[in-house]
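Below you'll find the structure, written out as structure tokens, and then a few comments.
The values are calculated or read from the model by the stated rules, or taken from the named source; none is laboratory data. Since the model is a prediction, treat every value here as computed from it, not as a measurement. Note that each Cβ is placed from the backbone with ideal geometry, even for glycine, and that neighbours are counted across all protein chains shown.
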Amino acid sequence: MAPQILVPLDGSPLGNNALSVALEDYPDAELHVLHVVDPSEPGYSYASLGVDAYGSPQHGSQAWYDRADEYAAELFETARERAADHDVDLTTETRVGRPDREIVRYIEDNDIDHVILGSHGRDRESQTLVGGVAEAVVFRSPVRVTLVK
């Protein structure tokens, strides 16, 4: 049976690097790509789209969630195109909640064997070695986690 590998994507460069590692180093794995919409952070799901997170659409509105879904669809489409270059199919899912908790829940719900995760999210200015979501996943994950820089 092929290993089940999860790659959480948030649109950050390191998240994209994690997908590259999964595609190149695990060609026979079944890849799962997860995007988590964090409702506690207004810009989390579509900061890369150049939308004013504190303006329109209003945080928490249906339009805000619709925009987050559009962003996830764009992430997944790009991921599928990259995977197709490696003849790999992806399973994709969007969840809403705290990213670290939803990633661990997805691992448990889908019998994931390994997680490949960017060591940081979008905060490129951070001086820490590991971002908060990555750190929480490493400590709470029931399976092996590889952090990618």
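Data overview
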| read-out | value |
| --- | --- |
| Any hit, the range 84-98, residues being more than 13 Å from the chain's Cα centre (by Cα) and on the phi > 0 side of the Ramachandran plot | yes |
| Residue list for the range 10-40, filter: at pLDDT below 95, part of a loop (DSSP other than H, G, I, E, B) and surrounded by 15 or more Cβ atoms within 10 Å (Cβ to Cβ) | Asp10, Gly11, Ser12, Asp38, Pro39 |
| Lone qualifier among Ser126, Ser119 - being at pLDDT below 95, over 11 Å from Pro8 (Cβ atoms) and either out of contact with any helix residue (DSSP H, G or I) (no Cβ under 8 Å at 6 or more places or on another chain) or of a type in the set (Val, Ile, Thr) (or both) | Ser126 |
| Contacts under 6 angstrom Cβ, first residue in the range 21-43 being under 12 Å from Ala68 (Cα atoms), partner in a helix (DSSP H, G or I) and at pLDDT 90 or above, 6 or more apart | His35/Ala72; His35/Leu75; Val36/Pro99; Val36/Glu102; Asp38/Pro99 |
| Qualifying positions in the range 88-107 - surrounded by fewer than 15 Cβ atoms within 10 Å (Cβ to Cβ) and over 23 Å from Phe139 (Cα atoms) | Asp89, Thr91 |
